[in-house]
1. Span-like helices, the chain: DSSP H, alpha-carbon axial extent 20 Å or more, mean Kyte-Doolittle 1.0 or greater, which ones?
2. Relative contact order of the chain: what whole-number percent is it, with Cα pairs under 8 angstrom and at least 6 residues apart?
3. Is there a quick way to get the dipole size of the chain? I mean about its Cα centre, with the Cβ of Lys and Arg at +1 and of Asp and Glu at -1; what is the value in debye to the nearest 20?
4. For the residues His32, His47, what sequence is obtained by ranking on other C-beta atoms within 10 Å, fewest first?
5. For a quick protection proxy, order the peptides 48-55, 17-24 by their average other-Cβ count within 10 Å, most packed first.
6. Using the charge dipole of the chain (Lys, Arg: +1 at Cβ; Asp, Glu: -1 at Cβ; taken about the Cα centre), state which of Trp31, Ile144, His49 has its Cα farthest towards the positive end.
Amino acid sequence: MFSIDWKSIYDNTLPMNVLVSRCLIGEPCRWHGRKLSASSFVKRWVHEHPRDTLVPVCPELLAGLGCPRPPVKRSRGRVYTTCADKALRAQVTGDDVTDAFISGAASTVAIALERRCTLAILCKWSPSCDKTGIAGKMLAGVGIEIVNTF
Ligand code: SF4
């Protein structure tokens, strides 16, 4: 599933602070509030880079959106709450929560810079954490390398 040879890119003799999406370490911070297994990629990273320090963040919790919270969908650069029922998600457009997402992303970048993170392991497909998500794009914008996984 992962074809990149990270060992050849990052010298694991130099410890790094690595920002990581909190849900990827198994924290129940996703919109539905259910606990999921920790990412096998992150588990492998920790095993192969024992001197690195993970800095877990959840941009949506930092935004004060709470947990559980309504699911959202992105549309034309904005983020809207939507219906938890998958069958209705495409039709339902609720509140515009874009500003909250931007606020959570800005807090995430502030933490990354304060902790001098040079790499962020972020959750794929998330409207915040995907590399095309609001926080993902902001982190990349300040020069932080993004690894998108789940
Ligand atoms: S993907 Fe990001 S915003 Fe969503 S629950 Fe995980 S850490 Fe929080």
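1. Working: long enough: 98-114 (24 Å, 1.08).
Helix filter hits for the chain: 98-114.
2. In percent, rounded to a whole number, it is 23.
3. Computed charge dipole of the chain: roughly 360 debye.
4. Ascending number of Cβ neighbours within 10 Å: His47, His32.
5. Values: 48-55: 14.6, 17-24: 24.2.
The most tightly packed comes first, giving 17-24, 48-55.
6. Selected residue: Trp31.
Where a number appears in this text, it was derived from the coordinates with a stated rule and is not lab data. Bear in mind that the values here come from a model prediction, so they are computed numbers and not experimental data. Glycine gets a Cβ as well: all are built from the backbone with ideal geometry, and neighbour counts include every protein chain shown.
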